[in-house]
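Taking it in order: structure first as C-alpha cells, then the write-up.
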Amino acid sequence: MSRYRNVTILVAILFVQVLGLAVQVKRRSSADESTRVIRLWTVSAVTPLEKALVWCQNGLGGIWSNYVYLRGVRQENRELKFEIERLRLEQVRLSDDAQQARRLQALLSFKETYIAKTVAAQVIGSSGSEQSRSIYIDKGTSAGVDKDMAVITADGLVGRVLRAFGSSAQVLLINDQSSGVGVILDKSRLQGVIKGTASGEVVVEKVMTDEQVTPGERIVTSGGDQIFPKGITVGTVMKVTPGADLFLNIRVKPSANLSRLEEVLVITKKEDRAPSVAETNSVRAVDILTQRLPSVPDKPPAEASQPSTPEGSAAPKRKDAAVVDKSAGIPAVPGVVKPVIGHKPTTARPATGAPPERAVSQPAVSPPGSSVPSQPGPSQPGTAEDKPH
Amino acid sequence: MPITYTSQEQVEVYRFSAPAAILIPLVALFLQAFLPLRLHFFSLFDLPLLVVIFFAVARRSQVSGMLTGALIGLLQDSLTHQPIGIYGIANTVVGFGASSLGAKLDVENVGARFLVTLFFYAVHEVVYFTVARGLVKLTLQWSWGHEIGGALLNAATAAILFTLLDRFKQRA
C-alpha cells in the first residue's frame, strides 16, 4: 500500500484543485464574484515590493532626467512652444465646434456622459502570465477605485478595473480574451465589440461583411456598455479581411501602448447631464441659423474696441477641463486672423474683459504648420475632441 | 550524456532553510510579475516553474515536490484573473515528475539540468493547455514556435539559475 502512497497523494491534490476549479467556473457565471482569500494574500504580499521598486526606479530616473541628463532640452523647449502655438490655434477652432454642438444638444435636450473625476495611478505589476493580460495599479478602494471603472491614458483606452483591493487594483486590458468593449467606427459610424485574441491582438467583432471599413479609420468607445464613457479613442483599423459567419475580421492597433504602460487614469466618476441653455449663452435656434447665413459687413474698428457687453462678460465657464471655452483667454497669435463666421458678437468677443478680438474681413493667414482652416469648415459631430474627457 | 543512473543510496538529498524555502518562490513570483512591464520579452520566462523544478529535483521527495508545485502554482494563479488552480495543477504534476526523476537520476550538472527543464517545460505547457481548454474552456492558441522558443530559453536560464540557487542547498 505504501508503494502507491505518493501517487495517491498526487491524485488527491489534483482532485482537490480540479474540484476548486469546477466550483470557480460554476460561480463565474454569477454576477457577484467575491475575491478569493488566496488571491488577496498573494496580491498583498507582492504589490508592496512592486510599489517600493517602482518608487525607487522613479526617484533615480527623476534625478537622472531632471538634473543630470538635460541634453537637447533647449531644442525640445523650442519645439514644444511651437506646438503650443499650433494647439492654441486648433483649440480656437475646436471650441467653436464644441460650443455649437452644446447649443444643439441643449436644444435637443440631449444627455451625455461626462467624465467628472479621474484618479491617476502608477502601473506596478503584471499578472506574469501570457494567458492573462492584466496589470496591477497602485490605487485601490482607499483612493476611490472600484470594480468596473474605466482605465485610460492620454493616448486612449486601456481597460477596466477587474478587482479592487485596499491599496491596489487589477486592471483587465482590452487585448485580453475575456474583455469586451462596445465601440463605434468614427467615419462609418458602425458599431461593434472590441475583443482580445489568444495571441494578444485586438479585433472588432460583429461588423457585417457587406459594410465598408477602411484601414486607418479611428475607433472610439460607443458608451453602450455603461462602463466606458462615449468617445474615448480605442485605436485605429489596421487590417480588414472577410471573416467567418458573415462578419468582418477587423484588426485594430490600440492607441495606448498596452505593453509599455506606466501611468494610467481611472475614471472614478461619470455624470449624465445635458448642457443647460445658460451654458450656451442663451442662444436661440434662430441664432444658430443666423450663423449659417451670409454675414453682415463688419463694424468699424472704433466700435469693435468698445468694452465687452454684459452678455459677453457673463459667459458661464464650464468645469470640464478638456473643452475650453474661447473665453478662457486665448492670446492672439501675431499674423493670424480668425475667420469671421457671422455677425454674432459672442463668437468674436472674449468674455474675460480683455479687448475684443478684431474681426477683419480679409482672407485668413495661417503660419506654416497651422491647422486652422482659412474658411470655417463644417462641424465634426462625434469626434473625441468635441467631448470633454 | 551527463545523465547517469544511480542507486538510491548514491543520490544526495538536500533540504533548504525556512527563509530560503519561502523567499525564493516569492522572489520568483515577484520578478515574474514585475519584469515583463519593463522588459516585455521577459513574459517568455517562467521563473516559478523553474523554482518548482529546482526544489523538486534537489529534495527528491515526491510529496514535497508536488506540494511545492501546488503551492507555487496556486500563488501564480492568484496573480492572474483566471480561475485559481490551472497553474496549480500543472506545477503539481511537474513537481511530482521532477522529484521522481531526481530520485532516480543524477541531474546535478548543467547539461542534465538543461534537458530536464526542457522536458518539464513541455510537460507543464501540455498540462496547462489541457486544463485550461478542457476544464475552464479558455480559448488558447498553441504555437509550436513560441513553445519551442520558450522551452529553450527557460532551459538555458535554468542551467544558470540552478547554479546560483545551489548555494542555498543544505545536506539533509
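Here B:PHE42 fits the description: more than 8 Å from chain A (Cβ to nearest Cβ) and over 12 Å from the mean Cα position of the chain (by Cα). Examine segment A:184-193 for a residue that is free of Cβ contacts under 8 Å to residues at least 24 places away in the same chain, among the hydrophobic types (A, V, I, L, M, F, W, C) and surrounded by fewer than 20 Cβ atoms within 10 Å (Cβ to Cβ), and state whether such a residue exists. Yes: segment A:184-193 contains one or more residues that are free of Cβ contacts under 8 Å to residues at least 24 places away in the same chain, among the hydrophobic types (A, V, I, L, M, F, W, C) and surrounded by fewer than 20 Cβ atoms within 10 Å (Cβ to Cβ).
For the residues A:VAL183, A:VAL204, A:VAL171, A:VAL234, the requirement of being more than 18 Å from the chain's Cα centre (by Cα) and either away from chain B (no Cβ under 14 Å) or assigned to a strand (DSSP E or B) (or both) singles out A:VAL204.
Select from segment A:148-174 the residues that are polar (S, T, N, Q) and surrounded by fewer than 24 Cβ atoms within 10 Å (Cβ to Cβ) and write down the one among them that is nearest to A:VAL207 (Cα to Cα).
Initial filter on segment A:148-174 (polar (S, T, N, Q)): A:153, A:167-168, A:170.
Checking the rest, the ones that are also surrounded by fewer than 24 Cβ atoms within 10 Å (Cβ to Cβ) come to A:153, A:167.
Working: A:THR153: 27, A:SER167: 40 Å.
Of everything passing the filter in segment A:148-174, A:THR153 is nearest to A:VAL207 (Cα to Cα).
Scanning segment A:116-137 for residues that are away from chain B (no Cβ under 11 Å) and touching an Asp or Glu at 6+ places or on another chain (Cβ under 8 Å) turns up A:ALA116, A:ALA120, A:ALA121. Among the residues examined, A:ALA154 does not qualify as within 14 Å of another protein chain (Cβ to nearest Cβ) and not charged (D, E, K, R). Within segment B:16-31, the only residue that satisfies the criterion of being outside any helix (DSSP H, G or I) and surrounded by 17 or more Cβ atoms within 10 Å (Cβ to Cβ) is B:PHE16. Can you confirm whether B:VAL116 is over 21 Å from B:PHE30 (Cα atoms), outside any loop (DSSP other than H, G, I, E, B) and more than 13 Å from chain A (Cβ to nearest Cβ)? So B:VAL116 passes the test.
How about segment B:133-145: which of its residues are part of a helix (DSSP H, G or I) and in contact with a Ser or Thr (Cβ under 9 Å, 6 or more places away or on another chain)?
Filtering segment B:133-145 for residues part of a helix (DSSP H, G or I) gives B:133-134, B:144-145.
If the condition is that a residue be part of a helix (DSSP H, G or I) and in contact with a Ser or Thr (Cβ under 9 Å, 6 or more places away or on another chain), then B:ARG133 is the only one that fits.
Output the residue which, of all residues in segment B:70-110 that are in contact with a Leu (Cβ under 9 Å, 6 or more places away or on another chain) and more than 8 Å from chain A (Cβ to nearest Cβ), is surrounded by the fewest Cβ atoms within 10 Å (Cβ to Cβ). By that ranking, first place goes to B:VAL107.
None of the figures in this text is laboratory data; all of them are computed from the coordinates on show. Keep in mind that this is a model prediction, so the values were computed, not measured. So basically every Cβ, Gly included, is an ideal-geometry build from the backbone, and we count neighbours across all protein chains shown.
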